[in-house]
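Below: the structure, in structure tokens.
The values are calculated or read from the model by the stated rules, or taken from the named source; none is laboratory data. For clarity, every value in this text was computed on a predicted model and none was experimentally measured. In this analysis, Cβ positions are derived from the backbone assuming ideal geometry, glycine residues included, and neighbour counts consider all displayed protein chains. We work out accessible area using only protein heavy atoms, side chains counted, and drop any ligands, DNA or RNA first. Shrake-Rupley method; radii C 1.70, N 1.55, O 1.52, S 1.80 Å.
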Amino acid sequence: MTSALIVSWLAILVLALVVSGLIRQVHQLSKSMSVSPTRVGLQPGAAAPGARDLIGAGGGVLLFVSPGCRSCVEALDEAATWHADTGGEILAVSATAVPDTTVPAVPDRPDLFERYDAIATPFAVVIDADGTVVRSEPVGSRTAVRDVLASAPKPARSAQ
């Protein structure tokens, strides 16, 4: 009985030393990786390349999508609703084919992915009437798409 108790305490001590060493290593790794990740997309305030040719003079949203992307389909659904409700300018951009949508779209434009640094899909870029980037970020959920679209320029209502 005594020898079993001694062996148990030795095992607990060895286990405590191993866990302590692992915690120290994790702490060292987290200190060495304290560099913040690189921002993706164009910086807010940067000029949006070719914005007037893509979405017109009033500003709007570029929504980068790809076929076979389930969150892209959800993003396009949100964009279609926003477009129908507000009349805001939006353009879906794809490097290959555009998934089915009622949103205006341009296929086969991998050059725009590079110019706007859209490294993942769905990715939204909000552009103001001056052709300046307001927001540029991945939008992986319906909520994120709604949030980005809320900051998009609304078209001026015509006087009746």
Taking residue 64 as the residue in question, decide whether it is within 16 Å of residue 40 (Cβ to Cβ) and out of contact with any Gly (no Cβ under 9 Å at 6 or more places or on another chain).
-> yes
Please identify the pairs in which a residue from the stretch 123-147 that is surrounded by 15 or more Cβ atoms within 10 Å (Cβ to Cβ) has its Cβ atom under 8 Å from the Cβ atom of a residue that is charged (D, E, K, R) and part of a loop (DSSP other than H, G, I, E, B), counting only partners at least 6 apart or on another chain.
-> 134/128; 136/117
Any idea which of 98, 19, 61, 40 is open to solvent by less than 60 Å² (accessible area, probe 1.4 Å) and modelled with pLDDT of 90 or more?
-> 61
